[in-house]
Amino acid sequence: MNIILFGAPGSGKGTQAEAISDRKLIPAISTGNIIRDALKSGSEVGLQLKGYMASGGLVPDEFVIEIIKGRIAEDDCKNGFILDGFPRTIPQAEALDRMGVRIDKVIEIDVSDAIIIDRMSGRRVCETCGSSYHLENKRPHEDGICDKCHGTLVQREDDHPDTVRNRLRIYHEQTKPLEEYYRQQGKLTVINGDGKSIDETIGLVLSALEA
Ligand code: AMP
């Protein structure tokens with residue numbers, strides 16, 4: 001099954017994607033994580049992308065489209081995949097359609113801006129493997145340490161409040177139109193994540209995939 005998961009930054013889509021990946025045994029592909037890895041490598045492309053990411057802006061469509069094209073052609077995507085954070089613009093969605101990639105379901109995690117701003121300030125990510133935690137809602141077993149790989153947990157530069165507000169503005173302008181795009185294709189399920197625990201939302205996402 002080929003799945004797209006989208007939602008505002010801080011909607012919990014990364015955590016949902018990991019949960020679906022564990023349950024369905026298909027890879028979760030996060031363009032954000034792939035780009036962060038490129039940044040860490042210190043390459044020239046990485047340096048160019050750093051500016052876009054630090055301000056909360058999107059990186060150019062051509063760049064992420066090439067990343068996805070290569071990644072979904074890999075062997076582990078044969079039985080399906082979950083796209084987490086791609087597409088994020090209508091031109092990216094159109095590029096995916098042009099590639100002839102069949103998408104079975106599109107899940108939107110809908111969370112209000114006020115809740116997102118609150119959540120993002122508590123988010124911590126592993127600087128080694130990218131796993132996501134929260135100071136209140138999803139604490140690691142040991143403070144500041146990743147449960148999965150024992151890496152150090154840090155606050156992402158783009159999770160600072162001003163940057164979050166900018167990312168939300170960009171989300172409403174550029175990503176939210178995907179809702180209508182996929183509704184017209186008959187693939188969209190919207191899940192309201194307001195006031196729900198991570199586990200409750202994961203349950204709803206999994207039921208939507210079985211439906
Ligand atoms: P994320 O981890 O999904 O929140 O992504 C972090 C950042 O990576 C975003 O704020 C963008 O700068 C960049 N990024 C990730 N995915 C995309 C995409 N599909 N299109 C453009 N920029 C992206």
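The values are calculated or read from the model by the stated rules, or taken from the named source; none is laboratory data. Owing to the predicted nature of the structure, the values given are computational and were not obtained by experimental measurement. Don't worry about glycine lacking a Cβ; one is built from the backbone with ideal geometry, like all the others, and counts go over all protein chains shown.
Considering Ile26, Ile3, which residue is more than 16 Å from Leu96 (Cα to Cα), at pLDDT 95 or above and of a type in the set (A, V, I, L, M, F, W, C)? Don't jump to the end; show me each part of the working.
Details: Ile3 fails: more than 16 Å from Leu96 (Cα to Cα).
The conditions single out Ile26.
Out of the helices (runs of 4 or more DSSP H) lying entirely within segment 1-94, which hold 2 or more residues that are closer than 25 Å to Arg183 by Cβ?
Per the criteria, 13-24, 31-40, 61-72.
Looking at this structure, is Tyr171 closer than 23 Å to Ile198 by Cβ and either more than 16 Å from the ligand (Cβ to nearest atom) or assigned to a helix (DSSP H, G or I) (or both)?
yes
Taking Gln48 as meeting all but one of (1) over 16 Å from the mean Cα position of the chain (by Cα); (2) within 11 Å of the ligand (Cβ to nearest atom), write down the number of the exception.
(2)
Of everything in segment 108-143 that's away from the ligand (no atom under 15 Å from the Cβ), of a type in the set (A, V, I, L, M, F, W, C) and not in a loop (DSSP other than H, G, I, E, B), which residue is surrounded by the most Cβ atoms within 10 Å (Cβ to Cβ)?
Ile115
Which of the residues belonging to segment 186-211 are closer than 17 Å to Ile4 by Cβ, free of Cβ contacts under 8 Å to residues at least 24 places away in the same chain and surrounded by 12 or more Cβ atoms within 10 Å (Cβ to Cβ)?
Leu204
Considering only segment 67-107, state which residues are more than 15 Å from the chain's Cα centre (by Cα), of a type in the set (S, T, N, Q) and either over 29 Å from Ser207 (Cβ atoms) or within 14 Å of the ligand (Cβ to nearest atom) (or both).
Within segment 67-107, no residue meets the criteria.
Looking at segment 7-27, can you tell me whether even one residue there is within 14 Å of the ligand (Cβ to nearest atom), surrounded by fewer than 20 Cβ atoms within 10 Å (Cβ to Cβ) and among the hydroxyl-bearing types (Ser, Thr, Tyr)? Spell out how you get there, then give the answer.
Narrowing segment 7-27 to residues within 14 Å of the ligand (Cβ to nearest atom): 7-18.
Narrowing further to those that are surrounded by fewer than 20 Cβ atoms within 10 Å (Cβ to Cβ): 18.
Those left that are additionally among the hydroxyl-bearing types (Ser, Thr, Tyr): none.
No; the residues of segment 7-27 include none that is within 14 Å of the ligand (Cβ to nearest atom), surrounded by fewer than 20 Cβ atoms within 10 Å (Cβ to Cβ) and among the hydroxyl-bearing types (Ser, Thr, Tyr).
Mind checking which residues of segment 174-203 are assigned to a helix (DSSP H, G or I) and modelled with pLDDT under 95?
Correct list: Ile198, Asp199, Glu200, Thr201, Ile202, Gly203.
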